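One structure is given below, encoded as structure tokens.
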Amino acid sequence: MQATRIRHFTARQAMPWFSCGWRMWRRQPLAATIPLAVFVPAALLLRWIPVIGDVILLLLLPSVAASVLVHLHLIAQTAGRWRRPKSFKSWLVFLRQALFGAWGKSANVYSLILIGFVLVVIGLLGYALVNAVGGQAVVSPYGFLELTAVQMGRFLLAYCLVTVLWLMITAVLLWTVPLLIIRDLALFEALWLALRGLLHNGAAVATLLLVSAAVLLPAVPLKLWSPLAALLAWWLATTLAALLLMCSDYCSFRLVFAVAEGQAAPSVQPRPVSQRS
């Protein structure tokens, strides 16, 4: 196996991750966007099923993320325009490959399923944390503005804690999944290498996650205006946020974990941090 250098990027140097993702998206915009635009409403429909829907979604997320990253990897390596599928069956084949193509690598299926089970456990812990910290405010039939000041504080604290928890998990999996599915590393080797990369690039990863999450903010006020407009806005905003995160994640993975032997120079010149044989 070729040696891998973990490069260091500051928060300011994370900006080329977004520009790299933008350039990659422009190569084949429809091919990159359509799978996520289809998966997002499917995920919203799953969430309408109490408990079971969230469990299924958490189990599927690692496989879908891995498949989308492989799909983006193929886009990055493909020259020319995207040939749009001509029939309904060919569209189904395209979507299956883009959203579940990672299952074609049998060696990685069990690792992706294991990550999904871990996410389910974390989801249950997060639910318990929300109820423990938020108290009765979480299940109160009244609106947020009708709660007492103490209940408002507990409600906000509970959801802030869970949000931080999920951001930390996302940061860890940000590079674990591509190292697992694209570099074909073993699960714990990919996890350890991703943690080392995160240790040296924490500020840059925080910038990536915060910018991606900020795309969702304009859709929040529409919930008070029209449920239909809010649903459409959430679909568009979530699709854009997922697209931004996945494209930038792929570019950051390629730049941070550069193969030392025969690796082309990245678009920015970060400082090498460590060497792994």
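Derivation of every value follows stated rules applied to the coordinates shown; laboratory data play no part. Values in this document were obtained by computation on a predicted structure and should not be read as measured data. A quick note on method: Cβ atoms are made from the backbone with ideal geometry, for glycine too, and the neighbour counts reach across all protein chains shown.
Brief remarks on what is shown
- On full extension, the segment bounded by ILE56 and ARG81 gains 5.5 nm, given 0.36 nm per residue less the C-alpha separation.
- One chain, two ends: TRP91 and LEU156. Fully extended at 0.36 nm per residue, the span grows by 19.1 nm beyond their Cα-Cα distance.
- For ARG26, ARG254, ARG96, the sequence from fewest to most other C-beta atoms within 10 Å is ARG26, ARG96, ARG254.
- Cut-off under 5 Å, modelled amide H: who pairs with THR4 long-range: ALA260, ARG276
- FRET efficiency, ALA214 to LEU74 (Cβ-Cβ, R0 22 Å, nearest 0.05): 0.15
- Residue order, fewest to most surrounding Cβ atoms within 10 angstrom, among ARG47, ARG7, ARG196: ARG47, ARG196, ARG7
- From most to least packed by mean Cβ count within 10 Å, the peptides 241-249, 85-93 give 241-249, 85-93.
- Positive minus negative residues near LEU119 (Lys, Arg vs Asp, Glu; Cβ under 15 Å): 0
- Per-residue Cβ neighbour rank within 10 angstrom, fewest leading, CYS251, CYS160: CYS160, CYS251
- If the segment from ARG23 to TRP192 were pulled out straight at 0.36 nm per residue, it would be longer than the present Cα-Cα gap by 57.9 nm.
- Relative contact order [Cα under 8 Å, 6+ residues apart], the range 4-266, whole percent: 34 percent
- Between VAL164 and ILE122, the simple label model (points 7 Å from Cα in the Cβ direction) yields a spacing of 1.6 nm.
- Using the Cβ of LEU95 as centre and a radius below 14 Å, the other residues enclosed give a net charge of +3, where K and R count +1 and D and E count -1.
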